[in-house]
There are 2 protein chains.
Amino acid sequence: MILQRLAIFLLALPLVTKAQNTIQYVKPIVGTKNMGHTFPGATVPFGMVQLSPDTDTIPYEMNGKYNPDVYRYCAGYQYDDKTIVGFSHTHFSGTGHSDLGDFAIMPTVGQLLLNPGTADKPETGFRSTFSHENETAEAGYYKVKLDKYNILAELTASNRVGVHRYTFPKSDSAHIILDLMSGIYNYDEKTIWTYLRVENDTLVTGYRQTNGWGRTRTLYFAISFSKPFYQYGNKDFSPKQVYKGFWRKFDQSKNFPEFAAKRFRAYFDFKTNEAEAIEVKLAVSAVSTQGALLNLATEAAGKNFDKIKNEAQWQWQKELDKIVITTASQEDKENFYTAMYHAFINPTTYMDVDGSYRGIDQNIYKADGFTNYTTFSLWDTYRALHPFLNIMQPKRNADVVRSMLAHYGQSAEHMLPVWSNSANENWCMTGYHAVSVLADAIVKGNTTGFDANKALDACIITANNRSFDGLGYYLDMNYIPADKNGTSVSTTLEYAYDDWCIAQAAKKLGRMDVYEQYMKRSANYKNVYDASIGYMRPRLSDGSFKKEFDVLSTHGQGFIEGNAWNFSLYVPHNPEELIKIMGGNKRFVQHLDSLFTMDLPDKFFAETEDITRDGIIGNYVHGNEPSHHVAYLYNWTDKPWKTQERTRMILKKQYHPEAAGLGGNDDCGQMSAWYMFTALGFYPVAPGSDQYSLGSPAINAAKLQLENGKTFEVEAINQSDKNVYVEKVLLNGVNLNRRYITHDEIMNGGKLVFYMSSKHR
Amino acid sequence: MILQRLAIFLLALPLVTKAQNTIQYVKPIVGTKNMGHTFPGATVPFGMVQLSPDTDTIPYEMNGKYNPDVYRYCAGYQYDDKTIVGFSHTHFSGTGHSDLGDFAIMPTVGQLLLNPGTADKPETGFRSTFSHENETAEAGYYKVKLDKYNILAELTASNRVGVHRYTFPKSDSAHIILDLMSGIYNYDEKTIWTYLRVENDTLVTGYRQTNGWGRTRTLYFAISFSKPFYQYGNKDFSPKQVYKGFWRKFDQSKNFPEFAAKRFRAYFDFKTNEAEAIEVKLAVSAVSTQGALLNLATEAAGKNFDKIKNEAQWQWQKELDKIVITTASQEDKENFYTAMYHAFINPTTYMDVDGSYRGIDQNIYKADGFTNYTTFSLWDTYRALHPFLNIMQPKRNADVVRSMLAHYGQSAEHMLPVWSNSANENWCMTGYHAVSVLADAIVKGNTTGFDANKALDACIITANNRSFDGLGYYLDMNYIPADKNGTSVSTTLEYAYDDWCIAQAAKKLGRMDVYEQYMKRSANYKNVYDASIGYMRPRLSDGSFKKEFDVLSTHGQGFIEGNAWNFSLYVPHNPEELIKIMGGNKRFVQHLDSLFTMDLPDKFFAETEDITRDGIIGNYVHGNEPSHHVAYLYNWTDKPWKTQERTRMILKKQYHPEAAGLGGNDDCGQMSAWYMFTALGFYPVAPGSDQYSLGSPAINAAKLQLENGKTFEVEAINQSDKNVYVEKVLLNGVNLNRRYITHDEIMNGGKLVFYMSSKHR
């Protein structure tokens, strides 16, 4: 860590005076096995580039049918795979559907092969075998030996530039392949158009346009090589192209400076000495190749791999040091800082260094005084990630809101983002949860740089788009009829919560007419509650409840990615009333207890989306989001100690500092944000409220360095794996006779002390 | 013409004080039958929009093979057709290969049909029958009755906005179809991506990206309707799209504000009263939909159809009035002003009103102090069109040079344009004739706004690109070997001329080393001349001439679109020397005479590209460009009267003010510029020289209003169809004892008087 200390010396900022070396606990490999869907490669906090190895590029379709294996490759990398097909520059972190994987680069030596080959026969293509023994993944740095070629591959990144260092053996035929066809969730027609220009023998630019999860996505690049290539070329894999025009005059396949087609791979050839390193810097831009060149020049010109690596790791160090924890075990530290690392990947920067970015209407805008972000997996991240950012990254979260308002202003549908990425709304999942993010920021006073009233207006317009996902019915009937919509119950519940968020923001802004209207709407959850059975239940247009109904099944029951057992608890904004309608304290505690302890029949695992058995405890699904608040609901009963017990149990069961360490998709940091909140002892059950429900801290102490210069400390006296119960809590030395703390109490700085015990009270 | 007089009153500019009503002589219909490849629709001088009816959209391929009929539809319209399929916004004028036809709009009533149907069964689709009786084509205005629907369609345009006025019958189901799939030289995969947004019930934006002659061409649009549509929708004709994502949630086919796919047509529905007119304004931009909206607002907001039509016609009037001619016949006036109209369509504006444009590298640039132009059909237009612009439109031609220099700066191949359009080089035809345009401007002192020395540098770099079309061989061997290149002879000849142009520019700029080097290169035509037979002839790498050789054939003989008879005369820069090597005055005159009078065997017509029998006189091909200087070569012999006789004969035979009035492609105004020069009595045999070779004026008088405020007058005393011979010529009252005038003599203003006679001297 000598280099890091050097970096600290060079870059020392007033905020942090002494690095805590928290970066050593980050394990980017966590979640890369099974369903975590994280990537092991290099990125900087909230960076635009995520440069990471892809172990396979599985086609979205096989023999004309959806290929379910594609799901395993949401992040391009699966830990159990034996080969690497390339290092690509864009990856989602932890998603359950995917896209990206742009601009894969692969170094090879020997015969030039321009097909990847297959995992079982890597010798038939350019892919290489590798082993985890020769692999290192750190925050901002990744290294692997490509065994087939005896090439050492190292990766690092700045915000917009992926940096590769390939150390070659001696070879007269060393190649760097630029695979412009590969991609995640790929299929033959996904790449709509690709454009490549060789500017000179060390500089290449271009772009490609894809039609995937992002329906109309264009990403530009500029690549610089540290050593001139002595020849180059490409191979065209396009489907039959009717018209090639007078470009036929030229042999465009070799040493011709320009090519454009649907699908092709390019290569650049070198002669290398033993252990000769070639560095490749690839800058991206959503705007233009000019933008990519500007990003390249600004972030990477004149810097070698080591310097950019140091800067990347210093950026991580600076972010991670904002929370310094004391724990008994290395494992807990690894869990915590890995969670923090994963939570600080998304949302991602989406603009050039000069502020230019592509809007949702495909026009180019300039972000005026803010950083424009994208990758809004809002059905997941409104729950804990954005509240976490409101504490630890308020400036960034305010910029996230500004980015969402820009999206809203450019949206053809006049809506805030639902699941948006790279100037594309993909409409994934349900609800209009951007309003939760906006309301949470407004209620917590984190409104720097935007007009809170205009933000509220955007929420209201969004919440009244009659053509959106059952919303017309919801507005007319106060619930969504099951005969009109496949996720009628869960969407009604989610709308009701979102409406409550609008009410809270309106209250904060003194717009009481709006408050009252939306408080009324926020009670709509009652309209899908069937008191006769004690569950939320699909209701038909005629007002009757749907007869056929399975409270355990997650399919065709009116819920999205969840069953009635879990979703019936989805009234985060009013647990008191929920408990009342569900039969009172005792019956509610029974429901919760059963949820955590019941034995779920095997068949439900097969059908449940986005999680595996690893992500389920009883019938409680931690591997997916709808129940993330559920363990905290005991706080509204006479058994708050069960919140303490259950959350500690979940932390232990669901998070491990190893490749298979996540029981479900990390979902752009939501699973990780849940970990950090819960480990710190408090959780935002209802974002849009200023309250955090208290749990059981899993650390001994934590110091949160806030952006406002204040510090908030948590101490857990006598905390251990056995001492999970809270005897008493003192805030700034005063006994806290309630089960929550407020946002202001955190942001004003101070100290929260938990006295822990092995016995509950 | 009352409205025009009103416009003159409103817009009166100092330059022109009195309209000459020359616009009445313009017949846009000229050249629309057979091979003229002009379009009858509406455009303004050098405008970005050419809004014109398309009578068919012929696929580029039929049953997997090139469909030769596509050639007839280079401009979208064929006079003999009986149906119209739509009115699209971009058209080339007179080209022999094609593209464009963007954004076809078609009004219909009754059942909504979203397929065009076929010409023989128009009832099967949305196309309509029409007749020429109900059709009017004027400069800047087009009108036709759509018989099938009883809709009157009228078109006009500003620079960047096409304006439609559709007068409907009473109907509950009136439709305006926006066909985003149709196009010229179309095929299933040509449209790569299309994007549509309904902003509100009178405003629609979008773009489409095509892969055609322009390999990577994107055009954006913004459409405003004068009346709100009450519903709208689209039909997707894309090939199987594997992945549609969560957009499936919505019914995007009806009243959904956003759509994107490869191929689709949209429609907008209205209820109309009897004779209700709906106006549609479609603005284009090569930059963005924002740019299209800006163009729409700037050029068309607040103006109705009539006002925009008046402005368009006033613009034409202003340009056409720059030359006022006196002739004996109406037909001559129609020929002349129609030629002037066709000459002032290309090059076309290629930037938004704020100067933003897309560069050849696909980046967005801002034209700083100039208008950026595109549509450079240089193999054609360097000959007479650009020299004509240097006289009548020097500011524009200097901007054309600046546009070419911008192209050069953005070119991956580091070359000036060859045939470039819409941010795309398509490499059509041979030579690097942009250097002729640059040299002509430099030699004539028309260098406002650009650095002549940098322009010369660009010429030199262009002329030394070894990978370009045989140029490496040319540089090494001083000719292109026939075994290495299919057009080895004609390309050697063209390079030699272009090199002479570089030498002339260098001389003007005092760079004598360059002058001498390129003068030497300009003699390379001698290296493909076979003195033993008296023709230019393919020569092999070993220095010997190719044995099998047919001096009449245009195929496989080493010439592009011409035979040895014609191309052997292609030394425009040194006729004296050419005559010498071809055996001296007598033999040369015999060669010319035979060319014009010989009887060409039928088989050569079948194989000759880009012309029909109409375009051929003897073996002289006027319908294509390589011989456009040939009739003037008599001026270098002892029979200059034959130049006078032949050029007058060509004018009469090759130009008629009717649909079939052009014997070959107008080629972006080259055929028309030839007409005007020749009718005025002088012609630029070798652009890059400051001399114009004298011929026989076909007008009685002409007054050229120059941009510098001066006037140049031509008078032809006793001129008639019989009196075609020149007895003497006086320049400013002084006998002109030479066969040319210089550029300065024109630009300084003055009067050139020809005394005509029925007998040659």
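Of all residues assigned to the range B:40-57, none qualifies as being farther than 17 Å from residue B:135 by Cα, touching a strand residue (DSSP E or B) at 6+ places or on another chain (Cβ under 7 Å) and not in a loop (DSSP other than H, G, I, E, B).
Could you please let me know if residue A:31 is open to solvent by 10 Å² or more (accessible area, probe 1.4 Å), modelled with pLDDT of 95 or more and more than 30 Å from residue A:296 (Cβ to Cβ)? Can you show your working first?
Values: open to solvent by 10 Å² or more (accessible area, probe 1.4 Å): no; modelled with pLDDT of 95 or more: yes; more than 30 Å from residue A:296 (Cβ to Cβ): yes.
No, not satisfied.
Residue B:574 fulfils the conditions (1) closer than 26 Å to residue B:697 by Cα; (2) at pLDDT 95 or above; (3) within 24 Å of the chain's Cα centre (by Cα) except for a single criterion, (3). If you scan the range A:181-227, which residues turn out to be open to solvent by 20 Å² or more (accessible area, probe 1.4 Å) and hydroxyl-bearing (Ser, Thr, Tyr)? Correct list: A:202, A:220, A:224, A:226.
Restricting attention to the range A:363-394, the residues that are closer than 30 Å to residue B:196 by Cβ, polar (S, T, N, Q) and in contact with a Cys (Cβ under 8 Å, 6 or more places away or on another chain) total 2. Of the residues contained in the range A:571-579, one or more are found to be assigned to a loop (DSSP other than H, G, I, E, B), within 28 Å of residue A:636 (Cα to Cα) and in contact with a Leu (Cβ under 7 Å, 6 or more places away or on another chain).
Can you tell me which residue within the range B:200-221, out of those that are within 14 Å of chain A (Cβ to nearest Cβ) and more than 26 Å from the chain's Cα centre (by Cα), is nearest to residue A:260 (Cα to Cα)?
Going through the range B:200-221, the residues within 14 Å of chain A (Cβ to nearest Cβ) turn out to be B:200-201, B:203-221.
When the remaining residues are screened for being more than 26 Å from the chain's Cα centre (by Cα), the result is B:200-201, B:203-206.
Working: B:200: 36, B:201: 37, B:203: 33, B:204: 30, B:205: 26, B:206: 23 Å.
Residue satisfying both the conditions and the ranking: B:206.
One residue is enough: does the range A:637-647 have a residue meeting the conditions out of contact with any Phe, Trp or Tyr (no Cβ under 7 Å at 6 or more places or on another chain), under 24 Å from residue A:79 (Cα atoms), among the charged types (D, E, K, R) and assigned to a loop (DSSP other than H, G, I, E, B)? Within the range A:637-647, not a single residue is out of contact with any Phe, Trp or Tyr (no Cβ under 7 Å at 6 or more places or on another chain), under 24 Å from residue A:79 (Cα atoms), among the charged types (D, E, K, R) and assigned to a loop (DSSP other than H, G, I, E, B).
Residue A:230 fulfils the conditions (1) buried (at least 17 other Cβ atoms within 10 Å of the Cβ); (2) more than 9 Å from chain B (Cβ to nearest Cβ); (3) aromatic (Phe, Trp, Tyr) except for a single criterion, (1). For the range A:580-595, the set of residues classified as surrounded by 14 or more Cβ atoms within 10 Å (Cβ to Cβ) and in a helix (DSSP H, G or I) consists of A:581, A:585, A:588, A:589, A:591, A:592, A:593, A:595, listed by residue number. For the residues A:515, A:529, the requirement of being open to solvent by 10 Å² or more (accessible area, probe 1.4 Å), aromatic (Phe, Trp, Tyr) and within 30 Å of residue A:602 (Cα to Cα) singles out A:529. Residues considered: B:128, B:171, B:98. Of these, the only one that is among the polar types (S, T, N, Q), buried (at least 19 other Cβ atoms within 10 Å of the Cβ), out of contact with any helix residue (DSSP H, G or I) (no Cβ under 8 Å at 6 or more places or on another chain) and modelled with pLDDT of 95 or more is B:171.
Listed by first and then second residue, the pairs linking a residue in the range A:177-199 that is facing chain B (nearest Cβ under 7 Å) and within 13 Å of residue A:218 (Cα to Cα) to a residue that is in a strand (DSSP E or B) and open to solvent by 10 Å² or more (accessible area, probe 1.4 Å), with Cβ atoms under 7 Å apart and 6 or more places separating them unless they lie on different chains, are A:195/A:207.
The set of residues from the range A:157-168 being of a type in the set (Gly, Ala, Ser) and open to solvent by 10 Å² or more (accessible area, probe 1.4 Å) comprises just one member, A:158.
Only one residue in A:526, A:520 is over 24 Å from residue A:562 (Cα atoms), at pLDDT 95 or above and not in a loop (DSSP other than H, G, I, E, B), so which one is that? Quick ask: steps written out before the conclusion?
Values: A:526 fails: over 24 Å from residue A:562 (Cα atoms).
Going through A:526, A:520 in turn, just one is over 24 Å from residue A:562 (Cα atoms), at pLDDT 95 or above and not in a loop (DSSP other than H, G, I, E, B): A:520.
Residue-level check: of (1) at pLDDT 90 or above; (2) open to solvent by 20 Å² or more (accessible area, probe 1.4 Å), residue A:15 misses just (1). The conditions are (1) open to solvent by less than 10 Å² (accessible area, probe 1.4 Å); (2) without any contact (Cβ under 8 Å) to a residue 40 or more places away in the chain, and residue A:716 fails exactly one of them. Which is it? Among (1) open to solvent by less than 10 Å² (accessible area, probe 1.4 Å); (2) without any contact (Cβ under 8 Å) to a residue 40 or more places away in the chain, residue A:716 violates only (2). So for the range B:495-511 (the condition being farther than 18 Å from residue B:625 by Cα and of a type in the set (Ser, Thr, Tyr)), does at least one residue qualify? Checked the range B:495-511: no residue is farther than 18 Å from residue B:625 by Cα and of a type in the set (Ser, Thr, Tyr). Residues that are more than 30 Å from the chain's Cα centre (by Cα) and part of a strand (DSSP E or B) within the range A:717-750 comprise A:717, A:725, A:726, A:727, A:728, A:729, A:730, A:731, A:734, A:735, A:750, listed in sequence order. A single member of B:286, B:275, B:297, B:292 is more than 36 Å from the chain's Cα centre (by Cα), farther than 24 Å from residue B:115 by Cβ and aliphatic (A, V, I, L, M), and it is B:275.
Residues in the range B:344-372 that are under 20 Å from the mean Cα position of the chain (by Cα) and not hydroxyl-bearing (Ser, Thr, Tyr) were compared, and the one that is nearest to residue B:297 (Cα to Cα) is B:351. Those strands (runs of 3 or more DSSP E) of the range A:239-344 in which 2 or more residues are open to solvent by less than 30 Å² (accessible area, probe 1.4 Å) and within 14 Å of chain B (Cβ to nearest Cβ) occupy A:258-261, A:264-272.
The values are calculated or read from the model by the stated rules, or taken from the named source; none is laboratory data. Since the model is a prediction, treat every value here as computed from it, not as a measurement. Counting neighbours? That spans all protein chains shown, and the Cβs are built from the backbone with ideal geometry, glycine included. SASA here: full protein model, heavy atoms, side chains in, ligands and nucleic acids out. Shrake-Rupley method; radii C 1.70, N 1.55, O 1.52, S 1.80 Å.
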